[in-house]
Amino acid sequence: MRRVKKVLAVLLMVSCLLVSGITVSARAAVTKVTDVNNYKNGKQSMVIYGKTRTGKNVWKYKSKSYTATELSAVSYKVWKNRVYIVEGKTLTILNKQTGKALLKRKRVFSQNMGSAVMYIDKGGNLYTTGYYGDVIYKISPKGKVLWKRTVSSSCYWPTKIRISGNRLVVYYDGYRAPDAVLNKKSGKLINYRR
């Protein structure tokens, strides 16, 4: 009888919350996204986790295995309720709360990106480049390549991407590597700066 009363009390509380306009979620909210790099027999992979505030795993994404190098084969960035993942030549966008793929596009990139750096603007457009290659991409939230720009081959080891007004600046850490300044809308190279 006590158990029935408890169940009825919970049902009454939930129905009061629903009537007041508060929704009750059966799944705890994902508040952080973390990763673990795995190395085994010369191979590397990454597992990305969506976790609650208390550290409970809600979902996980496991990458393919790649030949291990000094660079990470998988990079990701969280933006609002999305997780953008650059893995090899593939772009995947996950729902941050469920871990379900909103988009998976293969062969988006002309080469494996390797330690990709990413910037996501207010509209959800992804700007990215990686150590392997000297190509900078702008990709729409639907996975369409809006532009790609090849920059000087002396530009390597990108460290960050920032937007200032209508300019996109890619910062490089390589020896003698100038920073590349581009028009963020068209991808046209404006100049190099040191």
The residue from G124, G165, G143 that alone is at positive phi and without any contact (Cβ under 8 Å) to a residue 12 or more places away in the chain is G165
If you check K138 against the conditions, is it under 24 Å from T92 (Cα atoms) and modelled with pLDDT of 95 or more?
yes
Taking into account only those residues within region 56-90 that are aromatic (F, W, Y) and within 19 Å of T128 (Cβ to Cβ), which is surrounded by the fewest Cβ atoms within 10 Å (Cβ to Cβ)?
W79
Options A180, A101; residue that is among the hydrophobic types (A, V, I, L, M, F, W, C) and exposed (fewer than 15 other Cβ atoms within 10 Å of the Cβ):
A101
What pairs can you find where one residue is in region 43-56 and of a type in the set (D, E, K, R), the other is surrounded by fewer than 17 Cβ atoms within 10 Å (Cβ to Cβ) and outside any loop (DSSP other than H, G, I, E, B), and their Cβ atoms are less than 7 Å apart, with a gap of 6+ or different chains?
K43/T67; K51/K32; K51/T34; K51/N57
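Yes or no, residue by residue, for (1) modelled with pLDDT under 95; (2) more than 27 Å from K51 (Cα to Cα); (3) aliphatic (A, V, I, L, M):
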position	(1), (2), (3)
T98	no, no, no
I120	no, no, yes
W157	yes, yes, no
P178	yes, yes, no
Within region 127-139, track down each residue that is without any contact (Cβ under 8 Å) to a residue 40 or more places away in the chain and not in a strand (DSSP E or B).
G133, D134
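The values are calculated or read from the model by the stated rules, or taken from the named source; none is laboratory data. Bear in mind the structure is a predicted one, so any value in this text is a computation, not a measurement. When we count neighbours, we look across all protein chains shown, and the Cβ atoms used for this are built from the backbone with ideal geometry, even at glycine.
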